[in-house]
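These notes concern the structure reproduced below.
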Amino acid sequence: MKKPFRILMVCMGNICRSPTAHGVMQSLLQREGLQGRVVVDSCGTHDFHIGEAPDTRAQQHAQQRGYDLSALRARQVEATDFENADLILPMDMQNMTRLRLQCPPAHQHKLHLLTEFGQKLHAKAVPDPYYGGDSGFDEVLDLIEDACEGLLKTLPSEMRQKD
């Protein structure tokens, strides 16, 4: 089998936005029968929450829409991620800037904001809901679902073809 296409979702601490994007994209890949052909992972640019489960509010809001984030654990981006991933998708410009500083020149082309793939919702970033209320987690899910649906449509055609 051909090497899977690897997508890496990135936010600051890897407990709200990037695990939500990880869970949403993983669910879409399963819906389309693409698990194994396309692999999604997530990480943070900072080491604030390494080993922790996603924020309980992120998990609750995701669960209400049918996404299970409970098995995910926070980790920090590693040098090997830039080589191994085919697409690295930070949630905002702050994390994009940090990734650009870490990313070797040969892999800079892999860096794109997740919101670049939005179809209906046009936002410059997925805002951090950590210090806000419940509505922030719903907004994050709306933006992520829209962008992940758009991302799914842009995957290389050989990844989308069923055997």
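Cβ separations smaller than 8 Å between residues 6+ apart or across chains give the following pairs from segment 58-80 residues that are closer than 21 Å to LEU99 by Cα to residues that are open to solvent by less than 30 Å² (accessible area, probe 1.4 Å) and part of a loop (DSSP other than H, G, I, E, B): ALA74/GLY13; ALA74/ASN14; ALA74/ILE15; ALA74/PRO54; ARG75/ASN14; GLN76/ASN14; GLN76/THR45; VAL77/THR45.
There is at least one residue in segment 125-134 that is open to solvent by less than 40 Å² (accessible area, probe 1.4 Å), in contact (Cβ under 8 Å) with a residue 60 or more places away in the chain and not aromatic (Phe, Trp, Tyr). Looking only at residues of segment 135-163 that are at pLDDT below 95 and acidic (Asp, Glu), we find that the one that is surrounded by the most Cβ atoms within 10 Å (Cβ to Cβ) is GLU158.
Assess whether GLY132 counts as being under 23 Å from ARG57 (Cβ atoms), more than 16 Å from the chain's Cα centre (by Cα) and part of a helix (DSSP H, G or I).
On the way: under 23 Å from ARG57 (Cβ atoms): yes; more than 16 Å from the chain's Cα centre (by Cα): yes; part of a helix (DSSP H, G or I): no.
Criteria not met by GLY132.
Residue-level check: of (1) surrounded by fewer than 17 Cβ atoms within 10 Å (Cβ to Cβ); (2) within 15 Å of the chain's Cα centre (by Cα), GLN119 misses just (2).
The values are calculated or read from the model by the stated rules, or taken from the named source; none is laboratory data. Just so we're clear, the structure is a prediction, and the values are computed from it rather than from any experiment. Every residue, glycine among them, receives a Cβ derived from its backbone with ideal geometry; neighbour counts consider all protein chains shown. The accessibility values were calculated without ligands, DNA or RNA, using every heavy atom of the protein model including side chains. Shrake-Rupley method; radii C 1.70, N 1.55, O 1.52, S 1.80 Å.
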